[in-house]
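The structure under discussion appears below in the form of structure tokens.
The values are calculated or read from the model by the stated rules, or taken from the named source; none is laboratory data. Worth saying up front: this structure is predicted, and the values here are computed from it rather than measured. Positions of Cβ are backbone-derived with ideal geometry, glycine not excepted, and every protein chain shown enters the neighbour counts. Accessible surface is based on the protein model in full, side chains and every heavy atom, while ligands, DNA and RNA are left aside. Shrake-Rupley method; radii C 1.70, N 1.55, O 1.52, S 1.80 Å.
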Amino acid sequence: MICRRKFLTAVVATWGSAVAGCHVTARSDRVLRIFNWSDYIAPHLVERFAKLHDCHIVYDSYASDAELETRLATGGGGYDLVFPSDRALVPLLAKELLQPLNKSLLPAARHLDPQFLGVPADPGNRYSLPYFWGTLAIGVRVDRVEPRPDSFAVLFDSRYRGRITVLDDLEATIGAALLHLGYSLNSVDPQHLAEAAQLLRAQRPLLQAYTSDSYKERLIAGEAWVALGWSGDLLQASQEEERIDVVVPRGGTMLWVDSMAIPRAARRPDLAHAFIDFLLDPQIACDNALAVQYATPNAAARRLLPPEVQADPRVYPPQEVLSRSQWLAYRGPQIVRLEAVWRQVRA
Ligand code: N2P
């Protein structure tokens with residue numbers, strides 16, 4: 001397994017070589033532009049694909065669905081391959097920013113577990129295929145936080161004043177507050193949101209930061225003791241620092257699945273299809289899952305994982321936790337209600 005520091009160094013090295021090394025040999029028109037969540041691929045796979053397909057890869061990353069949506073809507077980046085969440089697929093499809101996939105170029109899609117196909121946003125998977133899934137979870141420094149928490153309550157515990165971080169992401173952080181209050185993750189009820197706003201305002205003095213991209217480092221350094229984050233990123237941190245554990249709230253949490261999709265404006269949909277099919281190969285998907293620590297929707301890849309990973313409830317929560325959890329929904333125009341809450345909280 002790859003440790004966090006090696007992982008980061010490898011990412012930088014791979015980007016360097018993908019950009020410099022392959023550029024020398026690859027034909028100049030063979031450029032694949034990828035826009036993905038940060039720390040969300042095994043770096044050596046990017047390099048391997050570039051060599052295999054004699055191409056140059058430009059690899060950029062983002063920390064929220066909102067960033068992806070804005071970039072695609074403004075035509076920035078010229079990306080060939082993106083990784084929207086199930087919730088983000090809705091606006092991207094409504095704005096016709098994605099192109100249909102050519103399934104004949106994706107034979108390895110047969111390895112996907114049907115359970116993860118047909119998300120409501122893209123029922124026939126015409127535009128997207130699942131990449132990884134996971135939960136909204138809490139990273140905890142077990143040397144500082146006792147007993148081991150099992151719910152979102154720890155995010156609001158004044159004993160950890162100044163040591164807590166939450167995601168700089170309105171749906172995730174308001175969602176955690178709604179769940180803590182016993183409401184639906186996807187509620188748009190004004191009363192529920194008013195209570196969530198009150199709770200999150202009261203939480204502010206306890207927070208070290210609203211951050212979606214520095215919580216791992218803060219946990220590893222011991223600066224933060226409690227961090228709301230994405231399951232795999234937190235597990236990457238725990239792999240590097242054994243005093244970090246990952247808590248998936250027993251009462252249920254947010255579930256999400258991120259997909260691979262090709263922007264309508266892609267210049268190299270051929271390379272993008274080849275990259276998707278490459279990532280769907282069972283051994284490659286297994287190696288990738290081990291590096292990023294997220295749950296794979298690839299049934300064949302899951303069977304190749306070491307038994308202890310397949311059985312790790314922090315990666316694959318048990319059925320009773322899943323059944324109490326909810327998929328994040330797209331709230332459509334009602335999102336303005338959450339935006340109003342977020343403005344009050346962040347003001
Ligand atoms: C990867 C984060 C992806 C999780 N770093 C949110 N969809």
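The set of residues from region 172-209 being in contact with a strand residue (DSSP E or B) (Cβ under 8 Å, 6 or more places away or on another chain), under 25 Å from Ser85 (Cα atoms) and open to solvent by less than 10 Å² (accessible area, probe 1.4 Å) comprises Ala172, Thr173, Gly175, Ala176, Leu185. Look at Ser212 and say whether it is of a type in the set (S, T, N, Q), in a strand (DSSP E or B), crowded, with 22+ Cβ neighbours inside 10 Å and in contact (Cβ under 8 Å) with a residue 40 or more places away in the chain. It is false that Ser212 is of a type in the set (S, T, N, Q), in a strand (DSSP E or B), crowded, with 22+ Cβ neighbours inside 10 Å and in contact (Cβ under 8 Å) with a residue 40 or more places away in the chain.
Scan region 221-239 for residues that are within 15 Å of the ligand (Cβ to nearest atom) and open to solvent by 10 Å² or more (accessible area, probe 1.4 Å) and report the count. Explain how you work it out, then say what you get.
Of region 221-239, the ones within 15 Å of the ligand (Cβ to nearest atom) are 227-239.
If we keep only those that are open to solvent by 10 Å² or more (accessible area, probe 1.4 Å) too, we end up with 230, 233, 238-239.
Adding up the residues that qualify gives 4.
Being open to solvent by 20 Å² or more (accessible area, probe 1.4 Å), of a type in the set (D, E, K, R) and within 16 Å of the ligand (Cβ to nearest atom) narrows it down to one of Arg314, Arg267, so name that one. It is Arg314. Of everything listed in (1) on the phi > 0 side of the Ramachandran plot; (2) open to solvent by 40 Å² or more (accessible area, probe 1.4 Å), the single unmet condition for Pro107 is (1).
Just one of the listed residues (Arg303, Arg343) is over 20 Å from the mean Cα position of the chain (by Cα), in a helix (DSSP H, G or I), over 30 Å from Lys95 (Cα atoms) and at pLDDT 95 or above, and it is Arg303.
Please verify whether region 133-147 includes one or more residues that are in contact with a His (Cβ under 9 Å, 6 or more places away or on another chain), free of Cβ contacts under 8 Å to residues at least 24 places away in the same chain, more than 15 Å from the ligand (Cβ to nearest atom) and part of a loop (DSSP other than H, G, I, E, B). Looking for residues that are in contact with a His (Cβ under 9 Å, 6 or more places away or on another chain), free of Cβ contacts under 8 Å to residues at least 24 places away in the same chain, more than 15 Å from the ligand (Cβ to nearest atom) and part of a loop (DSSP other than H, G, I, E, B), one finds none in region 133-147, hence no. Evaluating Ala289 against the criteria (1) among the small types (Gly, Ala, Ser); (2) open to solvent by 10 Å² or more (accessible area, probe 1.4 Å); (3) not in a loop (DSSP other than H, G, I, E, B) leaves one unmet condition, (2). Evaluated against (1) outside any strand (DSSP E or B); (2) buried (at least 21 other Cβ atoms within 10 Å of the Cβ); (3) within 16 Å of the ligand (Cβ to nearest atom), Glu217 falls short on exactly one condition, (2). Filtering region 83-113 to residues that are in contact with a strand residue (DSSP E or B) (Cβ under 9 Å, 6 or more places away or on another chain), more than 16 Å from the ligand (Cβ to nearest atom) and more than 18 Å from Asn298 (Cβ to Cβ) leaves Leu93, Leu97, Leu98, Gln99.
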